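*Asks:* One structure, pasted below without further comment.
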Amino acid sequence: MHLLETLFSLPALLYAPLLVGSLCLVFNYLVYSRRVALWRKSNIPFLSPSFLIGHKYFWGVGSNSATVVPLDRIYRENKDKDLVAFFAAFMPVVLLRKPALIKQVFAKNFDEAFETGCAVDDERTPHVLSQSPNKSLWKAHRNALSPMFATTRLSGEGFAKIRSHIAHMSAHVEETRLHGNPINTREVAMNFVQDIISNTFLALNDNSYEKKGELHKLYESFAEPGWGHLLKVFALLYLRGVSNFESLQIVTTKHIESMRSLLQKQMEQRKQTGGNENDLIDLLIRLKEQDQDRKSDSEMDVTNEMISLGLSLLLGGNLGAAVVDNMMSFTMHLLSLYPEYQERIRQEVEEVMKKHNTTEFTYEVVRDLQFLNQCLRETARLYPNTSALSRVCTEDFTPAGTDYNFKKGERIVVDPYSIHRDPEYFENPDVFNPDRFSPKNRDSKSIDAFLGFGKGPRKCPGNNVGLLIASTLIGSLVQKYEVRPHSHTKQMDAYDFHPRSFAIVHKDDVLVDLMPREVLAH
């Protein structure tokens, strides 16, 4: 009897998944058919998707870089096209391949392709500047933060604070070296940039080499790659209404409350001590004072605005602080493989210090390190700060000079990694060659093709500050030490990136050995 009941219950057990599968199949077919019809009308070439899950190159997500490897393969296989459309999972995407078209869409058609495509629906919730879907709110936040991104803020007394972080970093690497251990480039870089942000913008006076502060711990909770983080980014990109599900949020309630507590504590302390540091805390106090005469329910709006500004400073575009520490880590890796460029940096540091009549790093010295700046830009070319730039059309438009018609809601992506390694725009593109960014070698073709810090009005607003911080760390290290490879003796490529991260992050620790120059001299 029990056997008969089991047999008769099998169809019911199979019915639910069969129904769900059938509905998914019908849904994907309808979405695919409609989108292909639109692409045909606008003359956009497209690649047929595989059953249910989109283009076949995205099957390997989790086993290699989540976006760089599949996008690079699609980019390289469609050399004759300005753009190509495909499905990433169940989402239709148009990949722009030509710098002129990218510049047109991201800059000249900025108003028509404003949104980044992140699923941030609730304007009452604090969110990062780079994700803001509200243009007026985005402009207000960017204007408020603009003074924070002026490099002159780091001159004079501002750079005196940075010198203390140079001392902390130097003490750490020397102690590590004396113990016979290699230097973890990401750890050194992350601690350096986080301490500068903590001290310069929030007056926290952290030394992460000894103990990680509140801001550093908050940042690490965002930046650590893994399956959970990968799922959250996927949800952020693909699922509208994701703000209703706490478990799928990148910026969680816990993060928001941590930032709220941190900012309130620093603001209260500043009011008690007085003074004017012209930093983020002073900016937030001014915003608070300006809001005193507004309507009674405005306090929550201002608090959310403050939290948004704090998160934007910490994370910026594409996890802002990670952009800087990744660039520094990759630069140390590359310089370890090219000692001749290290020597040029040392010579430049000595010449610039002599020019400014000083024996230590100052704002003016770092500002004038042209060749070191070229090295950093070349690193950003080989390892751009993001695996994909994304825009969602906010209205229908046709870029000037083309017959490509983009529809409202359509997602457009750009693959900086592939464009930066395209020989059409950069000669010997896989070779680390900082001289390609020298004033005499730069041309309009390479300038338009360089996407290391984004494109258009929504590009990273803090890239110049980031370059200054990176120049300070790299210049300080190379002046005292020769950097030699330890863990990575060959130049990294896309297959060395973390498989469970949408950002371009190396999957293994990059370790280097440091040899003091005075030892080498003898």
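*Asks:* Just to confirm a number: summing +1 for Lys and Arg and -1 for Asp and Glu over residues other than Gln347 whose beta-carbon lies under 14 angstrom from that of Gln347, what do you get?
*Replies:* Values: positive: Arg344, Arg346, Lys354, Lys355, Arg517; negative: Glu340, Glu343, Glu348, Glu350, Glu351, Asp368, Glu482.
Net charge in that neighbourhood comes out at -2.
*Asks:* Moving on to the next point. Taking K and R as +1 and D and E as -1, what net charge do the other residues with C-beta under 15 Å from the C-beta of Arg442 add up to? List each step's numbers first, then the result.
*Replies:* Details: positive: Arg377, Arg381, Arg436, Lys440, Lys445; negative: Glu378, Glu427, Asp435, Asp443, Asp448.
So the surrounding residues net to 0.
*Asks:* Cα centroids of region 326-402 and region 127-154: how far apart, whole angstrom?
*Replies:* 22 Å
*Asks:* Roughly how far apart, in whole Å, are the Cα centres of region 191-209 and region 439-472?
*Replies:* Between the Cα centre of region 191-209 and that of region 439-472, the gap is 24 Å.
*Asks:* For region 149-225, which chymotrypsin sites (Phe, Trp or Tyr not before Pro) are in a loop by DSSP, counting at most 10 other Cβ atoms within 10 Å?
*Replies:* Numbers: sites: Phe149, Phe159, Phe192, Phe201, Tyr209, Tyr219, Phe222; in loops: Tyr209.
Hits after loop and neighbour filter: nothing returned.
*Asks:* With all protein chains present, how much of the accessible area of region 414-462 (probe radius 1.4 Å) comes from carbon and sulfur, to the nearest whole percent? Don't skip to the answer; put the middle values down first.
*Replies:* Details: 970 of 2070 Å².
The computed percentage sits at 47.
*Asks:* If you roll a 1.4 Å probe over the heavy atoms of the protein chains, what accessible area per residue do you get for region 364-435, in Å²? All intermediate terms of the calculation are to be shown ahead of the outcome.
*Replies:* Numbers: 2340 Å² over 72 residues.
So region 364-435 comes to 33 Å² accessible per residue, rounded to a whole number.
*Asks:* Which cross-chain or sequence-distant (5 or more) residues have an amide H under 5 Å from the amide H of Leu83, H modelled 1.01 Å from N in plane?
*Replies:* Here Arg97 satisfy the definition.
*Asks:* Enumerate by residue number the trypsin sites (Lys or Arg not before Pro) in region 420-452 meeting two conditions: DSSP loop (anything except H, G, I, E, B), and at most 13 other Cβ atoms within 10 Å of the site's Cβ.
*Replies:* Answer in residue order: Lys440.
*Asks:* Let me have the relative contact order for region 358-483, percent, based on Cα pairs under 8 Å that are six or more residues apart.
*Replies:* On the way: 128 pairs, mean separation 39.9, N = 126.
In percent, rounded to a whole number, it is 32.
*Asks:* Need the list of aspartates and glutamates near Lys408 for cross-linking: C-alpha distance under 15 angstrom, and skip anything on the same chain fewer than eight residues off.
*Replies:* Asp111, Glu112, Glu115, Glu395, Asp396
*Asks:* Something else: Rounded, prolate or oblate: which fits region 335-468, taking a ≥ b ≥ c as square roots of the Cα gyration tensor eigenvalues, rounded meaning a/c under 1.5, else prolate when a/b beats b/c?
*Replies:* Numbers: a/c = 2.91, a/b = 2.08, b/c = 1.40.
Prolate, since a/c reaches 1.5 and a/b exceeds b/c.
*Asks:* Right, something else. Could you tally the net charge around Gly156, taking each other residue with its Cβ under 15 Å from the Cβ of Gly156, Lys/Arg +1 and Asp/Glu -1?
*Replies:* Working: positive: Arg153, Lys161, Arg163, Arg367; negative: Glu157, Glu277, Asp279, Glu360, Glu364.
With Lys, Arg at +1 and Asp, Glu at -1, the neighbours total -1.
*Asks:* For region 355-407, which whole percent of the accessible surface, found with a 1.4 angstrom probe, sits on carbon and sulfur atoms?
*Replies:* Solvent-exposed carbon and sulfur of region 355-407 make up 40 percent of the total.
The values are calculated or read from the model by the stated rules, or taken from the named source; none is laboratory data. The structure displayed is predicted, hence computed values, not measured ones. Using ideal geometry, Cβ is built from the backbone for each residue, glycine included, and neighbour counts are taken over all protein chains shown. Just the protein is used for accessible areas: all its heavy atoms, side chains included, with ligands, DNA and RNA removed. Shrake-Rupley method; radii C 1.70, N 1.55, O 1.52, S 1.80 Å.
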